[in-house]
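Reviewing the structure listed below.
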Amino acid sequence: MKILMTLAAAIAFAGGIPAIAAPIGGQATTGAPAATATATTTTTAQAGGQATGSATSSAQAGPAGVTASTDDYRLGAADKVRILIFDEPSLSGEFFVNANGKLSLPLIGDVQAAGVTTTALAGNIQRKLADGYLKEPRVSIDVLTFRPFYILGEVNKPGEYPYSSGLTVLNAVATAEGFTYRASKKTVIIKHAGEAEEEKVSLTPDLRVRPGDTIRIRERLF
């Protein structure tokens, strides 16, 4: 037995592999450690940099220094907006469009707002600030609250109600506690803010209300 173990050790040594003697019936195990590896990456940081660059490119694609929301909405009296002048907190704030359709702003005074989109208004404010007040001003405008709508006629609680985005005529009727039993549910009369004439339209589930609208629910004909 000693001869066999000595012979096995000599063979292992000749092959360049160190061996550990094992009990009879066991197996020899090599002393080579198991291979392990770890890897770290900086893709998170790099991805963040790329996202920042994309956002910058997107901002640069629009008018220089002007951002705005609700681009197609035209402001009117009683709308409330938030105006941010970047890096100028004393000039920023929340403002109501007054009864004359204007905003009274620091430094530049009254600015026409009624009938103007937020994009156009931001551009007007930017130009006024750049005219002797600030160098390359950047202006952002958000509509915070819209002017109310009015609902009259055959509803249970006619009156003035706050407008919310996406409001339909049926939503407006529900806000006014529903139709009376005499109400016509086929057509409705709507007068848009700033327009002189009323319009008779079919009452459909997706008929939208605009800020400042006056809705009139007629009595049905028996």
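PRE reach from residue 186 (point 7 Å along Cα→Cβ): which of region 208-222 fall under 17 Å by backbone N?
Flagged as within label range: 217-222.
Residues in region 112-132 near a label at residue 196, defined as backbone nitrogen under 19 Å from the 7 Å Cα→Cβ point?
Backbone N within reach: 115.
Might you tell me the accessible area per residue for region 91-222, computed with a 1.4 Å probe and given in Å²?
Here the per-residue accessible area is 56 Å².
Say each of residue 164 and residue 145 gets a label point 7 Å from the Cα, pointing the same way as Cα to Cβ; how far apart are those two points in nm?
That separation, rounded to one decimal, is 1.5 nm.
Whose amide H sits under 5 Å from the amide H of residue 168, counting only residues 5 or more places off or on another chain, with H placed in the peptide plane?
209
What is the sum of charges around residue 138, taking Lys and Arg as +1, Asp and Glu as -1, for the other residues whose C-beta is under 12 Å from the C-beta of residue 138?
Within the 12 Å Cβ shell, the charges total -2.
The values are calculated or read from the model by the stated rules, or taken from the named source; none is laboratory data. Source: prediction; values computed, not measured. A quick note on method: Cβ atoms are made from the backbone with ideal geometry, for glycine too, and the neighbour counts reach across all protein chains shown. With ligands, DNA and RNA removed, areas are computed over all heavy atoms of the protein, side chains included. Shrake-Rupley method; radii C 1.70, N 1.55, O 1.52, S 1.80 Å.
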